[in-house]
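What follows draws every value from the coordinates through simple rules; no lab data is involved. Everything numeric in this text was worked out from a predicted model, so none of it was measured. Positions of Cβ are generated from backbone atoms using ideal geometry, with glycine treated the same way; all protein chains shown enter the neighbour counts.
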Amino acid sequence: MQILPISALTDNYIWLLHQEKQAVVVDPGEAQGVIDYLVEHEITLNTIWLTHTHYDHVDGVSALLQQFPQCVVTGSGRWGAVNWPVTEGSRFAAFGQQVSVWHIPGHTEDHLAYILTDDESRQHVFCGDTLFSAGCGRVLPGAMAKMFASLQRLNSLSPDTLLYPAHEYTAANLRFAHAIEPDNEAIQKASRQAETLPTLPVTLAHERAINPFLRISQPQVIAAAIQHGLPRQNANQPLAVFTCLREWKNQF
Ligand SMILES: [Zn+2]
């Protein structure tokens, strides 16, 4: 099985998984780049996985269905184009490998992640707009605790897990990470490497070293949050640190 990114819109990646002329795409925000690749390589699109239904993740669905009418659309049942609804705990096979679905709310209420376990037991996580390299997605009003829990849950996976976010935001996120931890050498190294695109996928181990939203228990991260207005008495509350960082990033 091969997994590759197809660039779309300004900074989206549509992840394309294929094996033996059959393909899955994740979050097709537009169709043409996907169709071009599939036609050129004589591959059929079997399934579309949707993590959530923001326009930049779904606007290519109808054109793809015109080209590949047998294609199954998997995602939250709340969205009309989904003809194979999945939810927390759903399991199915893709290319003979197991895929599990997690409900990871925060960026949207019904955001999903697709976790594929390959033949070597390595996990590949298609996490949409929840976790980005060195960052995380914007949070729905009132959903900070949900987003925090979703990121903690992703962070519970094995360190060699590969993460496939839906946007190339890495360089900008690293500027924010550097402002929080100017002495962090892993962040400095990642910033130099972020000049070469794509920066994704990334391992969870890498994210634990550079992603402020997975590093909220680090003293330097807490100190930066206090400097940015976190009340000192809340410094031992991970959700308060997370909320401070996320609100800071909104203005950064
Ligand atoms: Zn989104």
Note, ³J(HN,Hα) from phi for the range 63-72, Karplus 6.51, -1.76, 1.60, rounded to Hz, x at Gly and Pro: 5, 5, 5, 5, 6, 10, x, 7, 5, 8
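How large is the helix-only mean residue ellipticity at 222 nm for the chain, computed as the sum of -39500 (n - 2.57) over DSSP H runs with n ≥ 4, divided by its residue count, in deg cm²/dmol to the nearest 500? Intermediate values should be presented prior to the final figure.
Details: 9 runs with 81 residues, N = 252.
That comes out to -9000 deg cm²/dmol.
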Share of alpha-carbon pairs per 5 Å distance bin for the range 80-205, given as whole %: 2, 10, 18, 21, 21, 14, 8, 4, 1, 0
Gyration tensor over alpha-carbon atoms, the range 90-162, equivalent ellipsoid semi-axes in Å: 23, 13, 9
Lysines whose Cα lies under 27 Å from that of residue 146, excluding same-chain neighbours fewer than 8 positions away: 249
Spatially proximal aspartates and glutamates relative to residue 189 (Cα-Cα < 14 Å; intrachain offsets below 8 disregarded): 181, 207
Diffusion constant of the range 1-119 at 25 °C, which comes from Stokes-Einstein with the Kirkwood Cα-pair radius and 0.890 mPa s, µm²/s: 172 µm²/s
Zero-based 10 Å bins, Cα pair distances in the chain, whole percents: 7, 31, 35, 19, 6, 1, 0
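Could you tell me what percent of the DSSP beta bridges with both partners in the chain are antiparallel, to the nearest 5?
Working: 31 of 44 bridges.
So the antiparallel bridges in the chain amount to around 70 percent.
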Zone of residue 235's modelled label, taken as backbone nitrogen in the range 184-218 under 16 Å from a point 7 Å along Cα→Cβ: 216-218
